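Notes follow the structure.
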Amino acid sequence: MDKNLENWTDQAIAFATTYGLKVIAAILIWIVGSWIIKKIIKGARNLMDKSGYEESLKKFLLNLLSAILKILLVITLLGTLGVPTTQFAAIIAAAGLAIGLALQGSLGNFAGGILIMIFKPIKIGDFIEAQGVSGTVKEIEIFTTKLNTTDNKEVIIPNGALSNGNIINYSTEDTRRVDFTFGVGYDSDIKKTKEVIYGVVSAHPLVLKDPAIAINVSELASSSINFFTRAWVKKEDYWAVKFDVIEQTKEALDAAGIDIPYPHQVEIQKKG
């Protein structure tokens, strides 16, 4: 009995000597590794704050970085304890591949969201045109971007399509050019027509003086002489000027006796 006890004691000591040191080493690695991870996350957060990252992107990237570092720490701990990590790493890689194939479309939208948030072709509050719709950017998320249309409808665009397509951003510049085309009859005096149009456009209080207003004959159409008119305005005044000038020019041309051609339908009466 004493011999069995002695053997058991020897085995316990050998086990404690072999694995106790590994357990202690693993505990130390966990403490030091957790401290290092916190420092890395803190440094990454400060760097993102200085770079002006979007809050949603910053939070996602920090969580992703934290998860990756913790997985690496766990694998290191398992290796320290003598657990084979090759198969464990292979299982993680296979699971990652399977998830990637299953979520291929979502990953494309995710990558698009990352690109949009990093390069910032658009931001919240911008009025844009993309994927056949136009509206004000309401929210930029990891997978989708939300727009509010001018008639207050919400449009959700996948970030993959948005980042790979053309984006027209009307809010980037402070000014916009308003283009008009006015057609008058062939009997109209070109010089007088230009004067009437210029008088209306230049008198509008929201039209900028610089760049200068441009009025040119753009086309001799089948039934009209077309005048292409350009004026510059602040971006927020675009639609107000557009609607005002069209209405006021029609009234001014009528008052000046300048004909605006339009299709006529002539009714032919049959003789009985």
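Applying 1/(1 + (r/R0)^6) with R0 = 25 Å to the Cβ-Cβ distance of Lys192 and Lys235 gives a FRET efficiency near 0.15.
Backbone geometry of the range 219-225 corresponds, through the Karplus equation with coefficients 6.51, -1.76 and 1.60 at θ = phi - 60°, to 3J(HN,Hα) couplings of 6, 9, 7, 5, 9, 8, 9 Hz, x marking Gly and Pro.
Counting neighbouring Cβ atoms within 10 Å and putting the fewest first, the residues Met48, Met117 line up as Met48, Met117.
Per-residue Karplus couplings for the range 129-134, computed as 6.51 cos²θ - 1.76 cosθ + 1.60 with θ equal to phi - 60°, are listed in order as 10, 7, 6, x, 10, 9 Hz, Gly and Pro entered as x. One chain, two ends: Lys209 and Lys242. Fully extended at 0.36 nm per residue, the span grows by 10.3 nm beyond their Cα-Cα distance. Between the amide H of Asp126 and those of Val137, distances stay under 5 Å, these residues lying 5 or more places away or on another chain, with hydrogens modeled in the peptide plane. Students often forget the sequence filter, so: which aspartates and glutamates lie under 17 Å Cα-Cα from Lys50 once same-chain residues fewer than 8 apart are removed? Qualifying aspartates and glutamates at Cα under 17 Å: none. Within the range 158-179, what residues put their amide N at less than 15 Å from the label point 7 Å along the Cα-to-Cβ vector of Thr136? Hits in the range 158-179 for Thr136 at 15 Å: 170-172. Across the range 175-181, coupling constants 3J(HN,Hα) worked out from phi with the 6.51/-1.76/1.60 Karplus curve, θ = phi - 60°, read 10, 9, 9, 9, 10, 10, 10 Hz, and Gly and Pro carry x. Could you work out the percent of alpha carbon pairs in the range 175-255 separated by over 18 Å, rounded to a whole number? When every Cα pair of the range 175-255 is considered, 37 percent fall beyond 18 Å. Measuring r between the beta carbons of Val74 and Ala111 and using R0 = 35 Å, the FRET efficiency lands at 0.85. Given axes a ≥ b ≥ c from the Cα gyration tensor, I'd like to know whether the range 162-219 is rounded (a/c under 1.5), prolate (a/b larger than b/c) or oblate. Oblate, because a/c is 1.5 or more while a/b does not exceed b/c.
Among the listed pairs Lys192/Lys242; Lys58/Lys234; Lys58/Lys242; Lys39/Lys120, a Cα-Cα separation exceeding 32 Å is found for Lys58/Lys234; Lys58/Lys242. Footprinting exposure proxy ranking of Thr175, Thr145, Thr150, Thr136, fewest other C-beta atoms within 10 angstrom first, gives Thr150, Thr175, Thr136, Thr145. Going down the table (Lys22/Lys70; Lys70/Lys146; Lys209/Lys235; Lys123/Lys146), which pairs top 22 Å between alpha carbons? Correct reply: Lys70/Lys146. Each of Trp30, Trp35 was scored by other Cβ atoms within 10 Å of its Cβ. Arranged with the fewest first, they read Trp35, Trp30. The residues packed around Leu64, meaning those with a beta-carbon under 12 Å from its beta-carbon, carry a net charge of +3 if Lys and Arg are +1 and Asp and Glu are -1.
Every number here is computed from the coordinates shown, using simple stated rules; none is lab data. Fair warning: this is a prediction, and the values are worked out from it, not measured in the lab. Positions of Cβ are generated from backbone atoms using ideal geometry, with glycine treated the same way; all protein chains shown enter the neighbour counts.
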